[in-house]
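Engineer: Here you go, one structure.
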Amino acid sequence: MIFLREADYYYLYSEFTMKNLTVDVIAPASRCPISDVEKIQSFLASWHLKYHISDDLFGSHPFCSNTDEKRFNQLKYALTNTNSQIIWCVRGGYGSMKLIPLLNQIEPPKEQKIFIGSSDITALHIFLQQQWGWTTIHAPSLYSAALQQVSAESLEILKNLIFQKQNPIVYQAIHGLNKSALADITLSAPIIGGNLTLIQSSLSTSWQIDASGKILFIEEVNERGYRIDRALEQLKQANIFKSAEAILFGDFLGGEEPDGKSLVQDALSAFADTSEIPVLQIQGIGHGFINNPLILGKKVELHTGSDASLAF
C-alpha cells in the first residue's frame, strides 16, 4: 500500500519551477526500436515536458545503443546543458559502466539535475551519488513508461516527484526476512543501490559501491537462484554489507529453474538468515509492471517490525 500526503511539500530540486521543464533523452546503455522514439516524444508531450533528443541517439554497435564516444558525448551534453532540468534514460540493458572512466575526467556541473533510470543505469546512479553527491531517481526507463509497460499509479508517483507535487511518499508493502528486521525500530539513513548485477560489477572499480552507514537497496530480474546466491556471497566477502544499516531487497522477478520452479526466494532467505543487520523486502520496485520510484542518495526512514514502511 502507498500513502501520498500533500502537506509539507518537499521540493526535490527547489530551483526548478513546475513549468517549462525540459528533458534530455539519452541512451547510455541499450537502444529501443527507432520506431518507438515517436512514442517517447508523445509520452513526454503528454506530461507537458519539452525534450531534446540527439539526431544520433542510436548508431551501429553490437551491444549498446551507440559507440562509447557518442554515448558519452550525449551524456556529457545532458549533464552540462543549462537549458534542461531532467535527464531520462531510454533503457537499461548494457553499457553504462563503460562511460564511467570518461565521467571521471570531467568536472561536475554547477547545477544538479533530475536523473532518472534503472537496471543497467545503476552504474551511473552510484557514480553520481558517490562522486558528485547527487540524489537520483530509480524509476522506469523512458521506453517502458512510453509504451505503458508500467502501472499508471507508479507513473503518477514519478510524475508528482518530477513536478514537486507531493511529499512525503510512504511505501508499506514491506516484510522482514530475518530476526533483526522484526524489531520495532526506525532507521534514518541515505539509501543507495539498484540492480544486483551492476552492484556486483562495481567491485574493485573507481565507483565501487560504499554502503557504509546506508540502507542498501537491491533488485534483480531473470537471474536464477544460484546466481543470486553467488553474487550476494561475493558482495559479502568483499565486505560491502559490513557497515550497512540495513538491506532492502526489491523485486526479484523471473529466474526460474529448467523445471519451472524458482529458487530465488530461497537464495534471499538463506542470505538473510546469515545477516546480522536487518534484511527486508519491498514489493513494487524493480523491473515489474508495478515499478515505483525511489530517490537514491537521499536520507529515508525505514521502519522495521510488523508495520514496516519506507518513507522519503
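Engineer: Go ahead and collect, in residue order, the members of the stretch 282-296 whose backbone nitrogen is under 18 Å from a label point 7 Å along the Cα-Cβ direction of Ser269.
Structural biologist: 282-283
Engineer: Using 0.36 nm per residue, how much length does the chain from Leu203 to Glu111 gain when fully extended, once their Cα-Cα distance is taken away? The partial results should precede the final answer.
Structural biologist: Details: separation 92, 0.36 × 92 = 33.12 nm, distance 2.89 nm.
Value of the extension gain: 30.2 nm.
Engineer: Additional query: Can you put Val23, Val221 in order of Cβ neighbours within 10 angstrom, beginning with the fewest? Don't skip to the answer; put the middle values down first.
Structural biologist: On the way: Val23 24, Val221 18.
Lowest to highest Cβ neighbour count: Val221, Val23.
Engineer: Now for a separate question. Note down the nm distance, to one decimal, between modelled labels 7 Å out along Cα→Cβ at Ser306 and at Thr82.
Structural biologist: Simple spin-label model gives 5.8 nm for this pair.
Engineer: Using label points projected 7 Å from each Cα along Cα→Cβ, tell me how many nm separate Lys299 and Ser262, to one decimal.
Structural biologist: 3.6 nm
Engineer: Once R0 is set to 30 Å, what does the formula 1/(1 + (r/R0)^6) return for the Cβ-Cβ distance between Asn73 and Leu253, expressed as a FRET efficiency to the nearest 0.05? Show your work: numbers first, answer last.
Structural biologist: Numbers: r = 34 Å, r/R0 = 1.12.
The pair Asn73/Leu253 has a calculated efficiency of 0.35.
Engineer: What is the distance in Å between the Cα centres of the stretch 244-312 and the stretch 135-198?
Structural biologist: Between the Cα centre of the stretch 244-312 and that of the stretch 135-198, the gap is 11 Å.
Engineer: If you don't mind, another one. Which is the longest run of the chain containing none of the GluC sites (Glu not before Pro) found in DSSP loop states (not H, G, I, E, B) with at most 15 other C-beta atoms within 10 Å? Don't jump to the answer; show the numbers that get you there.
Structural biologist: Details: sites that count: Glu6, Glu15, Glu111, Glu256, Glu276.
Excluding the exposed sites themselves, the longest stretch runs over 112-255.
Engineer: In what sequence do Asp36, Asp24 fall when counting other Cβ within 10 Å, fewest first? Could you put the intermediate results ahead of the total?
Structural biologist: Numbers: Asp36 16, Asp24 24.
Going from sparsest to densest Cβ surroundings: Asp36, Asp24.
Engineer: Just to check I understand the Karplus step: with θ = phi - 60° and J = 6.51 cos²θ - 1.76 cosθ + 1.60, what whole-Hz values come out for the stretch 175-182, glycine and proline as x?
Structural biologist: With the stated coefficients, the stretch 175-182 comes to 9, x, 10, 9, 4, 5, 8, 8 Hz.
Engineer: Separate question: From the phi of every residue in the stretch 99-115, what ³J(HN,Hα) in whole Hz does the Karplus formula 6.51 cos²θ - 1.76 cosθ + 1.60 yield, where θ is phi - 60° and glycine or proline is x?
Structural biologist: 8, 5, x, 6, 4, 4, 8, 10, 7, x, x, 5, 10, 7, 10, 6, 10
Engineer: Sticking with this structure for a sec: Taking amide hydrogens as modeled 1.01 Å from N in the peptide plane, which residues meet the under 5 Å criterion relative to Phe249, leaving out close sequence neighbours?
Structural biologist: Ile218, Leu280, Gln281, Ile282
Engineer: Each residue of the stretch 137-148 in turn: what ³J(HN,Hα) in whole Hz from Karplus with 6.51, -1.76, 1.60 and θ = phi - 60°, glycine and Pro shown as x?
Structural biologist: Working through the residues one at a time gives 10, 7, 7, x, 4, 4, 4, 4, 5, 5, 9, 6 Hz.
Engineer: Could you give the nm distance between label points at Asn239 and Ile34, where each point is 7 Å from its Cα heading toward the beta carbon?
Structural biologist: My value for the distance between the label points is 5.1 nm.
Engineer: Another one. How high is the FRET efficiency between Thr186 and Ser60 when r is their beta carbon distance and R₀ equals 45 Å, given to the nearest 0.05? If you can, show how the numbers build up before the last one.
Structural biologist: On the way: r = 52 Å, r/R0 = 1.14.
Using R0 = 45 Å, I get an efficiency of 0.30.
Engineer: Give me Val90, Val170, Val150 sorted ascending by neighbouring Cβ count inside 10 Å, so fewest comes first.
Structural biologist: Details: Val90 27, Val170 15, Val150 20.
With the fewest neighbours first, Val90, Val170, Val150 line up as Val170, Val150, Val90.
Engineer: If you don't mind, another one. Given an 8 Å cut-off on Cα distances and at least 6 residues of separation, report the relative contact order of the chain as a percent.
Structural biologist: Numbers: 674 pairs, mean separation 66.3, N = 312.
Value for the chain: 21 percent.
Engineer: In addition: Relative contact order, percent, of the stretch 175-257 when contacts are C-alpha pairs under 8 Å separated by at least 6 residues? It would help to have the intermediate numbers written out before the result.
Structural biologist: On the way: 111 pairs, mean separation 27.6, N = 83.
It comes to 33 percent, rounded to a whole number.
None of the figures in this text is laboratory data; all of them are computed from the coordinates on show. All values derive from a computational prediction rather than experimental measurement. A quick note on method: Cβ atoms are made from the backbone with ideal geometry, for glycine too, and the neighbour counts reach across all protein chains shown.
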